[in-house]
Amino acid sequence: MIKTISWNEGAVVMIDQRVLPHEERYLTCRTYQDVIAAINTMAIRGAPAVGIAAAMGIALGALNSPEKKMKEDFYSICDEFSRTRPTAVNLFWAIDRMKSRFEKEIASTPSVKADAVKKALTEEALRILEDDIEANRQMGAHGKDLIQDGDTILTHCNAGALATGGYGTALGVIRAAHEEGKKLHILVDETRPLLQGARLTAWEMHREGIAATLITDSMAGSFMQRGMVNLVLVGADRIAANGDTANKIGTYSLAVLAKENRVPLYVAAPLATIDRRTRTGRGIPIEERGEDEVLRFYGTRIAPQGLHACNPAFDVTPNRYITAIITEKGIITKPFGRNIKDIFVGSAAYRQGARPKTSYKPE
Ligand code: MRU
């Protein structure tokens, strides 16, 4: 299994995603600032992986903090992590989980020792990693039935082992169907500007022996129009309470094209990606990244000097374009608002294994 991120004797080790697929290089972060730099420079990326990195970075910061300043340092380190990337809610979810654990430890005994708190924070970060891998496997188990033997699946960006603690969300569902013996063909959008599809998804599929073909983002509609796509399967960075979904820029265009061509579009994401405090997609903050990512291609400027570019890293797909959301607790169908609420309280229907709609009915 690809080891995206791990804890190794007081350091955070991660595969450096900036140099894939050409090089498999590991980055060792010995301070929390190293982890922040890794997130900001996209050495690690993908919503769940960013959350795990932040949790480990916070544990690392606490470990290196002097006993007298531990509390003050803890909260300021959490604040620094919360300023790294604004869209993926998993980051804020992981920070909240670390804060809850910290407060629980501090509150447990008045004479609590700093060493015990540090140990508890490391434990919590490792649990977030393990829970994420387990959630991905569950998503795979639920989602694989939506895929038929022989299907061609279009995916965007990288929602694989590299974007998570391991196994992946959208690619986890593909892995599970493949492990079951289904013959699949994956159309991989290259995903400009940072090419997470071409560099990372294609690399994961190739390693796994899953047939994959790379296409440019602008080819997707034509493949759907020619009947060459059975389903679209993507991950998510933040899902609002009504099911509107923020994901890598270009997902919205795919979703509109999918609806036009009657191709189902599934989002695979853990419950940690669902932000029930944000009512609709309009409330999701969209990260604006530097223009050089668009103006340059592998370091070479591709546009005339003096020209400027825009670089929103994500877009929001309104819930009406989404067929269903695959989570570790089951598949959420429409109406998303009510069914998202139900899945959080563990409604009877989901406990009894309610089956998803697998065919797409245009509204
Ligand atoms: O900018 P990135 O590479 O962090 O964006 C990642 C995505 O948009 C993924 O599709 C999303 O995080 C789902 S990952 C399981």
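The table below lists the values:
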read-out: Residue count for segment 143-165, restricted to those that are surrounded by 20 or more Cβ atoms within 10 Å (Cβ to Cβ) and either more than 11 Å from the chain's Cα centre (by Cα) or farther than 21 Å from S6 by Cα (or both); value: 8
read-out: Spans of helices (runs of 4 or more DSSP H) in segment 1-87 with at least 3 residues within 16 Å of the ligand (Cβ to nearest atom); value: 32-40, 47-63
read-out: Contacts under 7 angstrom Cβ, first residue in segment 273-293 being over 14 Å from P86 (Cα atoms) and touching a residue at least 24 places away in the same chain (Cβ under 8 Å), partner within 12 Å of the ligand (Cβ to nearest atom) and assigned to a loop (DSSP other than H, G, I, E, B), 6 or more apart; value: E293/P193; E293/L194; E293/N311
read-out: Test: residue in segment 165-186 that is among the basic types (K, R), closer than 26 Å to E293 by Cα and either in the same structural domain as I44 (by TED's automatic domain parsing) or modelled with pLDDT of 95 or more (or both); value: no
read-out: Residue within segment 265-278 that is among the aromatic types (F, W, Y) and open to solvent by 20 Å² or more (accessible area, probe 1.4 Å) present; value: no
read-out: Of residues in segment 289-316 being among the β-branched types (V, I, T) and assigned to a strand (DSSP E or B), the one nearest to D275 (Cα to Cα); value: V316
read-out: Which listed residue is on the phi > 0 side of the Ramachandran plot, more than 10 Å from the ligand (Cβ to nearest atom) and not aromatic (F, W, Y), from G150, G143; value: G150
read-out: Candidate set: segment 5-51, residues that are polar (S, T, N, Q) and closer than 18 Å to G160 by Cβ; chosen: the one nearest to the chain's Cα centre (by Cα); value: Q17
read-out: Odd one out for A54 among (1) within 19 Å of the chain's Cα centre (by Cα); (2) surrounded by fewer than 24 Cβ atoms within 10 Å (Cβ to Cβ); value: (2)
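Conditions (1) surrounded by fewer than 22 Cβ atoms within 10 Å (Cβ to Cβ); (2) modelled with pLDDT of 95 or more, marked per residue:
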residue	(1), (2)
D96	yes, yes
R101	yes, yes
T109	yes, no
A114	yes, no
L121	no, yes
A125	no, yes
E130	yes, yes
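The values are calculated or read from the model by the stated rules, or taken from the named source; none is laboratory data. Values in this document were obtained by computation on a predicted structure and should not be read as measured data. We place every Cβ from the backbone using ideal geometry, glycine too, and count neighbours over all the protein chains shown. Accessible surface areas use protein heavy atoms only, side chains included; no ligands, DNA or RNA. Shrake-Rupley method; radii C 1.70, N 1.55, O 1.52, S 1.80 Å.
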